[in-house]
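Undergrad: Submitted below is the structure of interest, expressed as structure tokens.
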Amino acid sequence: MRFCTKDVENPEKKWMVFDGPVDAVWIENMNTVLDDNKKLCLSNGEIIKMTTQMVMMFEVDDLSQASPATVSRCGMVFLETQQLGWDPLIISFTNQIPEAIKGFKDYITTNLLWLINVALAWAQKKGKFYVHNSDMIMVDNSLKILQTFFRAFKEVEGKEIRIPKDFELMAGNMCLFSVVWGIGGSLEENSRKVFSELVAKMIT
């Protein structure tokens, strides 16, 4: 901390990574560093103020010994995809769909979970990629494609939103199209053909 604060002329970021286990006592002593003051107060009375180039990061196994106050002071809490899974992406997405089609939220969620679950399982086990993507990236790509369809139903001042009578069928096709390209679009040519056959079996 002392070394980084003295190197003020260097504009490059200075990262301080704490990768040890969280201890209930010392983590509470970091509160003044993590809040807006950004000052480390030592027991000998010395105060070290962080510069704008300094970034502090904690890389720990768990937060069982950290209080909610400490966690809330961190700008972001990153969770490994293996622990979190991709389901929260679907839930977050469907919670933010346009108000006009909120009545179809459960139907859209069910379709997405079913399609993505089967498509991802096949792609990761049997598919070949030009550049390998994680589950999260492929699910996110699918949701971004689907979002472009849903923009037509977003409320805009002076615009009347009309929901087609067969919107449920449309929504199912939108989900299917998005998953096919969001996941299948990452596959190499030969894998795409087999993936296409899988999708055909799923919808017949």
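Undergrad: As a quick test, which of the pairs LYS144/LYS165; LYS125/LYS193; LYS144/LYS201 have an alpha carbon distance above 19 angstrom in this structure?
TA: LYS144/LYS165; LYS144/LYS201
Undergrad: If the reach is capped at under 19 angstrom between alpha carbons, list the lysines near LYS14, excluding any in the same chain fewer than eight residues apart.
TA: By straight Cα distance, LYS14 reaches LYS6, LYS38, LYS39, LYS49.
Undergrad: Could I ask something else about it? Send over the per residue convex hull volume for the range 82-203, Cα only, as a whole number of Å³.
TA: Considering the Cα atoms of the range 82-203, their hull volume per residue is 106 Å³.
Undergrad: Shifting gears a bit: Quick one: helix 167-184 against the long Cα principal axis of the chain, what's the angle to the nearest 10°, folded into 0 to 90?
TA: So the inclination is approximately 60 degrees.
Undergrad: Check the straight Cα-Cα distances from LYS105 and name the aspartates and glutamates below 18 Å, setting aside those fewer than 8 residues away within the same chain.
TA: List returned: ASP87, ASP140, GLU155, ASP166, GLU168.
Undergrad: Stokes-Einstein D for the chain at 20 °C, 1.002 mPa s, Kirkwood Rh over Cα pairs, in µm²/s? Walk me through the intermediate numbers first.
TA: Values: Rh = 21.0 Å.
Once the numbers are plugged in, D ends up at 102 µm²/s.
Undergrad: Okay, moving on. Go ahead and set up a Gaussian network model of the chain, Cα springs under 10 Å, then flag whichever of LEU79, LEU115, LEU169 fluctuates most.
TA: LEU169
Undergrad: Cα to Cα, under 15 Å, and not fewer than 8 places away if on the same chain: which aspartates and glutamates meet these conditions relative to LYS154?
TA: GLU99
Computed from the coordinates by the stated procedures, all read-outs in this text should not be read as laboratory data. The structure presented is a predicted model; accordingly, all values stated were derived computationally and were not measured.
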